[in-house]
Protein chains: 2
Amino acid sequence: MSTASTRVPQQERSRATQARLLEATVDCLVEHGWSGTTTTVVAARAGVSRGAQLHHYPTKAALVTAAVAHLAERRADELRTEAEALPAGPQRLDRVIDLLGVAFTGPLFVAALELWVAARTDRELREALVPLEATVGREMHRLTVALLGVDERRPGVREAVQATLDLLRGLGVANLLNDDSARRTALLTTWKRQLAALLTP
Amino acid sequence: MSTASTRVPQQERSRATQARLLEATVDCLVEHGWSGTTTTVVAARAGVSRGAQLHHYPTKAALVTAAVAHLAERRADELRTEAEALPAGPQRLDRVIDLLGVAFTGPLFVAALELWVAARTDRELREALVPLEATVGREMHRLTVALLGVDERRPGVREAVQATLDLLRGLGVANLLNDDSARRTALLTTWKRQLAALLTP
């Protein structure tokens, strides 16, 4: 085989190995939390050798931030795809808030929260996570604006989107130890009406 | 000395020892996080013997939940006292939200969040914390209603108070790794106007 034809499968194998490691990392964070997520446990779960793992992600901080970045991109893609199926018109806002409510109580939110809290007292993780948190936050804001189909240049729209995301983050935390879905659904029903009023020119 | 007169100072010493342990626990949670908070570190920080500590709080779960309960009561008392100095009239709502904004970014919030996240994957802590979380949540809601001086029997008031507390929780998390105060102040300025409209009969 030529060099070119062997390089492609090798790159593909590398990408597949990375993806397996990143998915296993998020699963571990959700199941065992930050302190229970060791690089050894992740490698075993992913079925990847320690050597290959260290080659791709030399530290735990590198591994977990890559995992959250990877899952954030995947979730954003999924949200965009799900949003394509949504109706236009006034019902759209309600369905977008429902989708976001699910996202802010799902595995990505839980894994990211594990990292935010751990990074508070772990300097290496903090330095890796702060730039990622800023990017993911900006992307989430942009995505919400796009899904809602609103124009951020209009006064009040930016603030209304921000408040929605902060409210959803608070609801995500309220759901950590209990199934808070009944209260959350009622609260978001009220919020949808308020948000619609705030976003209507 | 009679039995009665020795018993009082002994009870007082016990209470003082407990208070020192609980304050040291919260300080440790804020400074070192859940995994860095060991009962040994707390005892040393409080200047209390391991024997005395184990006598009052036999497990780490017992110690940390007592610490958060203790601090929650103290913060509620402080909020009530601070609120007594507030003006009546429309400015009152703004000042109450300011006080709550400070509370949801302070040491109690940070220590409680460390426990909520750790309890997700620690069964012993979870069993100790879930009833406490419910009580503290209810008390916080009642306190907010009282500070705002609103009547919860009016339609929409209960939901508006809940949304305020969920929003503040989300803003507290957004402040974990960065000083988010400029964005928070702007967002809460908008929220105060919305909340005033929601609470006005």
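Name the nearest-to-axis residue of chain B, judged by Cβ distance to the rotation axis taking chain B onto chain A, and quote that distance in whole Å.
Nearest to the symmetry axis by Cβ: B:GLY170, 2.
Given A:ILE97, A:HIS32, A:TRP116, which one lies farthest toward the positive end of the charge dipole of chain A, if we put +1 on the Cβ of every Lys and Arg and -1 on the Cβ of every Asp and Glu?
In chain A, that residue is A:TRP116.
Can you give me the orientation-averaged projected area of the convex hull built on the Cα atoms of the stretch B:1-125, in nm²?
For the stretch B:1-125, the mean projected area of the Cα convex hull comes to 10.3 nm².
Heavy atoms only, 1.4 Å probe, whole protein assembly: order B:ASP98, B:ASP180 by accessible area, highest first.
Solvent-accessible surface, decreasing: B:ASP98, B:ASP180.
Could you tell me the largest-minus-smallest coordinate of the C-alpha atoms of the stretch A:129-201 on each of the three principal axes, in descending order and whole angstroms?
On the principal axes, the stretch A:129-201 reaches 38, 35, 16 Å in Cα extent.
So how tilted is helix A:90-103 from the main axis of chain A? Cα-based, degrees 0 to 90, rounded to 10.
Roughly 40 degrees, rounded to the nearest 10.
Summarise the partner chain shielding of B:119-126 as one whole number: the mean count of Cβ atoms from other chains within 10 Å of each residue's Cβ. Before the final figure, lay out each step's value.
On the way: counts 3, 9, 11, 3, 0, 0, 1, 2.
Going residue by residue through B:119-126 and averaging, the value is 4.
Just B:GLU124, B:GLU73, B:GLU12 to compare: in a GNM of chain B, with alpha carbon springs under 10 Å, which one fluctuates most?
Among B:GLU124, B:GLU73, B:GLU12, the largest mean-square fluctuation in the Gaussian network model of chain B belongs to B:GLU12.
For peptide B:183-195, compute the average count of partner chain beta-carbon atoms within 10 Å of each residue's beta-carbon.
For this peptide, the per-residue mean of nearby foreign Cβ atoms is 3.
Computed over the Cα atoms, what is the radius of gyration of the protein assembly as shown divided by 2.2 N^0.38 Å, N being its residue count?
In units of the 2.2 N^0.38 Å rule of thumb, it is 1.11.
Please work out the Cα center distance from the stretch B:97-151 to the stretch A:61-101, rounded to the nearest Å.
Each part reduced to its Cα centre gives a spacing of 29 Å.
With θ taken as phi - 60° and the coefficients 6.51, -1.76 and 1.60, list the Karplus ³J(HN,Hα) couplings across the stretch B:57-74 in order, rounded to whole Hz; mark glycine and proline as x.
9, x, 10, 4, 4, 5, 5, 6, 5, 4, 5, 5, 4, 4, 5, 4, 5, 5
Distances from A:ARG123 to the same residue in each other copy, label points 7 Å out along Cα→Cβ, in nm, shortest first?
3.8
Would you kindly work out, in nm and rounded to one decimal, the distances from the label point of A:PRO155 to those of the same position in each other copy, ordered shortest first, with label points 7 Å along Cα-to-Cβ?
Its label point is 3.0 nm from the equivalent points in the other copies.
Specify the angular offset, from 0 to 90 degrees and rounded to the nearest 10, of the alpha carbon long axis of helix B:157-174 from the longest principal axis of the alpha carbons in chain B.
Computed tilt is about 60 degrees.
Run the label-point distances for A:HIS55 please: 7 Å along Cα to Cβ, every other copy, nanometres, shortest first.
Output for A:HIS55: 6.0 nm, nearest copy listed first.
Provide a whole-number value for the mean count of partner chain Cβ atoms within 10 Å of the Cβ atoms in peptide A:168-179.
6
Using Cα positions and a limit of under 14 Å, work out the aspartates and glutamates in reach of A:LYS192, with same-chain residues fewer than 8 apart set aside.
Candidates past the 8-residue exclusion: A:ASP94, A:ASP98, B:GLU159.
For B:SER181 and A:ARG7, what is the calculated FRET efficiency with R₀ set at 45 Å and r taken between the beta-carbons, to the nearest 0.05?
0.35
The values are calculated or read from the model by the stated rules, or taken from the named source; none is laboratory data. Fair warning: this is a prediction, and the values are worked out from it, not measured in the lab. Note: ideal-geometry Cβ built from the backbone for every residue, glycine included; neighbour counts use all protein chains shown. Heavy atoms of the whole protein, side chains included, go into the accessibility calculation; ligands, DNA and RNA do not. Shrake-Rupley method; radii C 1.70, N 1.55, O 1.52, S 1.80 Å.
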